[in-house]
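All of the numbers you see were taken from the coordinates with simple rules; none came from a lab. Treat the numbers as computed from the prediction; the structure is a model and nothing was measured. Cβ atoms come from the backbone with ideal geometry, glycine included; neighbour counts cover every protein chain shown.
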Amino acid sequence: MRSFIYGTLFALVLLACFCLAEVPEPAIVQGPGEWTAETRFTHPQQIMLEGGLPDSRPMRFWYIILTVTNKTKRDVDFFTNCELMTDTFQIIHSGKDMPSVVFENIKRRHQSSYPFIELLQETSSKLLEGEDNAKDLAIIWPDFDAKAKSIKIFITGLSNETAVVYHPIEKDELGRPKRVYLRKTLELDYDLGGDPAFRSDVRLDYKGKRWIMR
């Protein structure tokens with residue numbers, strides 16, 4: 001227990017060091033060769049997967065649908081990733097512990113609005129130019145900490161803009177501050193309301209979006 005407490009305190013101190021360090025912000029006007037895709041998104045929704053066996057419990061998942069359009073006048077490389085972070089310091093990668101039937105159920109639910117929806121982890125590594133080539137992507141997570149009062153969703157790969165900062169503690173093999181590479185990232189911010197005991201009735205209050213370097 002004591003080692004867990006010390007480990008947690010160390011992680012918090014390290015996080016504070018990063019927060020105090022000067023972290024770059026995305027460029028107001030992007031440089032030559034840099035691009036950012038146009039994005040639209042739905043707010044998080046729940047979907048339940050009923051247990052396949054009499055004694056198995058239903059599983060709850062959350063998802064959003066992200067629409068990405070490339071208006072850069074050229075095809076671009078597209079390597080995207082997404083994480084959900086709670087205010088209780090739980091971080092969940094999209095697609096984790098997700099049976100394939102969950103995505104199939106989401107496809108059926110939204111067939112009329114998103115007939116060509118794809119799973120984020122299975123989309124191609126190229127984003128073709130033009131509105132006719134827009135992608136509708138399902139981003140899915142297992143249920144998160146019921147004690148959480150807010151969540152943030154971080155989506156990378158929607159831009160090729162990057163930046164470099166120096167780690168406040170770690171050193172490389174030559175004893176110099178270790179470089180940390182940051183990517184332009186879309187952050188979606190939500191507060192949660194309602195009784196945690198009634199998970200299906202959780203209310204989400206959308207607080208806004210912003211681009212950050214992360």
Check: Between residue 50 and residue 143, what length in nm is gained on full extension when 0.36 nm per residue of separation is reduced by their alpha carbon distance?
Finding: 32.1 nm
Note to self: Taking θ = phi - 60°, what integer Hz values does the Karplus form 6.51 cos²θ - 1.76 cosθ + 1.60 yield along region 74-84, in sequence order, with x for Gly and Pro?
What the structure shows: 7, 6, 10, 5, 9, 10, 10, 8, 8, 10, 10
Next item on the list: Pop out the ³J(HN,Hα) list for region 135-144 in order, Karplus 6.51 cos²θ - 1.76 cosθ + 1.60 with θ = phi - 60°, rounded to Hz; leave Gly and Pro as x.
Entry: 10, 9, 10, 8, 10, 10, 10, x, 4, 9
Next item on the list: Report the label-to-label distance for residue 43 and residue 23 in nanometres (one decimal), using points 7 Å from each Cα along the Cα→Cβ vector.
Entry: 2.5
Note to self: For a 30 Å ceiling on Cα separation, which of these pairs sit above it: 73/184; 126/171; 107/207; 73/171; 171/209; 135/184?
What the structure shows: 126/171; 73/171; 171/209
Note to self: At 7 Å along Cα-to-Cβ for each site, give me the label-to-label distance between residue 122 and residue 163 in nm.
What the structure shows: 3.7
Notebook entry, point to check: Considering the zone a paramagnetic label at residue 199 would reach in this model (a point 7 Å from Cα along the Cα-to-Cβ line), which residues of region 140-156 have amide N under 17 Å from it?
Noted result: 140-151
Check: Say a site is exposed when it is one of the chymotrypsin sites (Phe, Trp or Tyr not before Pro), sits in a DSSP loop, and has at most 10 other Cβ atoms within 10 Å; what is then the longest site-free stretch of the chain?
Finding: 1-115
Notebook entry, point to check: What residues have an amide H closer than 5 Å to that of residue 78, excluding those fewer than 5 places away on the same chain, when H is modeled at 1.01 Å from N in the peptide plane?
Noted result: 126, 127
Notebook entry, point to check: Between residue 96 and residue 214, what is the label-to-label distance in nm when each label sits 7 Å out along the Cα-to-Cβ direction?
Noted result: 1.4
Next item on the list: With springs only between Cα atoms under 10 Å apart, run a GNM on the chain and tell me which of 38, 170, 104 wobbles the most.
Entry: 170
Checklist line | Under 5 Å, built H, 5+ apart or other chain: amide partners of residue 137 | finding: 66, 67, 68, 118
Margin query: Pick from 193, 51, 130 the residue whose mean-square fluctuation is largest in a GNM of the chain, springs joining Cα atoms under 10 Å.
Written below: 51
